[in-house]
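A single structure is presented below for examination.
The values are calculated or read from the model by the stated rules, or taken from the named source; none is laboratory data. Bear in mind that the values here come from a model prediction, so they are computed numbers and not experimental data. Don't worry about glycine lacking a Cβ; one is built from the backbone with ideal geometry, like all the others, and counts go over all protein chains shown. Remember, those area values only see protein heavy atoms, side chains included, never the ligands or the DNA or RNA. Shrake-Rupley method; radii C 1.70, N 1.55, O 1.52, S 1.80 Å.
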Amino acid sequence: MSDHQVDQGKRTWLIATSCAGAVGGVATAVPFVSTFAPSERAKAAGAPVEADISALKPGEKMTVEWRGKPVWILRRTPEQIAELPKLDGQLADPQSARTAYPIPAYAKNEGRSIKPEYLIVIGICTHLGCSPSDKFVAGPQASLPNDWPGGFLCPCHGSTFDLAGRVYKNKPAPDNLEVPPHMYLSETKILIGEDKKA
């Protein structure tokens, strides 16, 4: 037997051991790598939410939760819609040009909405994260000006927003209320959290 001859038994044993080691390495790596994927709960927390607006009457608001935040859906009356352009001079950012968050193109209008009748905004003040109160009734009220046209008042630091979620001038809130991505699935159903059809 020459010095260069290889023992076939040792070769088979080395190949078998290497294969077993590779399989063991993969079996160990798969659970470890899968921990990087988001949990089902995390996926659900960011998932789009469907809202049925069929029972919402003009002047009424409903709230749905998306990503742990309250999303307001307000059905504005024709009178409320007609008042919006008259307020531009009193607002800090009437056209939603200066925002710290991305604003959908369909919200860069007077009503900040796809359909003028419906306002869809995240109900969290852009100042320190309080939730503003509904102050839809026009006229003098506590903590509001005498010519109040209706809108929202943040009870924490006094920021006021109109019925398009636009902040008034000289208030602590730096931005208008955020408009989440959304789209209409039908005349009575809205999908919040997604605005692109697959």
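How large is ³J(HN,Hα) for each residue in region 74-90, as worked out from phi by the Karplus curve 6.51 cos²θ - 1.76 cosθ + 1.60 (θ = phi - 60°), to whole Hz, x for Gly and Pro?
Result, rounded to whole Hz: 10, 8, 7, 7, x, 5, 5, 5, 5, 6, 3, x, 6, 9, 3, x, 9.
List the aspartates and glutamates whose alpha-carbon lies under 14 Å from that of Lys135, not counting same-chain residues fewer than 8 positions away?
Glu60, Asp147, Asp162
Output the relative contact order of region 65-150, whole-number percent, from Cα pairs under 8 angstrom with separation of 6+ residues.
Details: 83 pairs, mean separation 25.6, N = 86.
Once normalised by length, the contact order is 30 percent.
For region 40-198, what is the relative contact order in percent, using Cα pairs closer than 8 Å and at least 6 residues apart in sequence?
Working: 311 pairs, mean separation 39.4, N = 159.
Reported as a whole number, the value is 25 percent.
How far, in nm, would the chain grow between Lys69 and Gln141 when pulled straight, counting 0.36 nm per residue and subtracting the alpha carbon separation?
Values: separation 72, 0.36 × 72 = 25.92 nm, distance 2.79 nm.
So the extension gain works out to 23.1 nm.
Same structure again: Please list Ile53, Ile103 from largest to smallest accessible area, probe radius 1.4 Å, with all protein chains kept in place. Walk me through the numbers before you get to the answer.
Details: Ile53 5, Ile103 25 Å².
These residues rank, largest area first, as Ile103, Ile53.
Please tell me which of these pairs span more than 24 angstrom C-alpha to C-alpha: Lys171/Lys196; Lys86/Lys189; Lys86/Lys169; Lys169/Lys196? Before the final figure, lay out each step's value.
Working: Lys171/Lys196 34 Å; Lys86/Lys189 30 Å; Lys86/Lys169 14 Å; Lys169/Lys196 33 Å.
Checking Cα-Cα distances, Lys171/Lys196; Lys86/Lys189; Lys169/Lys196 exceed 24 Å.
Students often forget the sequence filter, so: which aspartates and glutamates lie under 12 Å Cα-Cα from Lys108 once same-chain residues fewer than 8 apart are removed?
Asp93, Glu178
Using a basic spin-label model with each label point 7 Å from the Cα along Cα→Cβ, how many nm lie between Gln95 and Leu185?
3.6
Just read off the accessible area of Trp72 with the full protein assembly in place, 1.4 Å probe, to the nearest 10 Å².
10
OK, next. Give a quick list of trypsin sites (Lys or Arg not before Pro) in region 65-164 that DSSP marks as loop, anything other than H, G, I, E or B, with at most 13 other Cβ atoms within 10 Å.
Numbers: sites: Arg67, Arg75, Arg76, Lys86, Arg98, Lys108, Arg112, Lys135; in loops: Arg67, Arg76, Arg98, Lys108, Arg112.
Counting only loop positions with at most 13 other Cβ atoms within 10 Å, the trypsin sites (Lys or Arg not before Pro) in region 65-164 are Arg98, Lys108.
List every residue whose amide H lies under 5 Å from the amide H of Thr126, counting only residues 5 or more places away in sequence or on a different chain, with H placed 1.01 Å from N in the peptide plane.
When sequence neighbours closer than 5 places are left aside, the close amide H contacts are Asp175.
Skipping prolines and chain starts, which residues have an amide H placed within reach, meaning under 5 Å, of the one on Tyr118, given they are 5 or more residues away or on another chain?
Arg76
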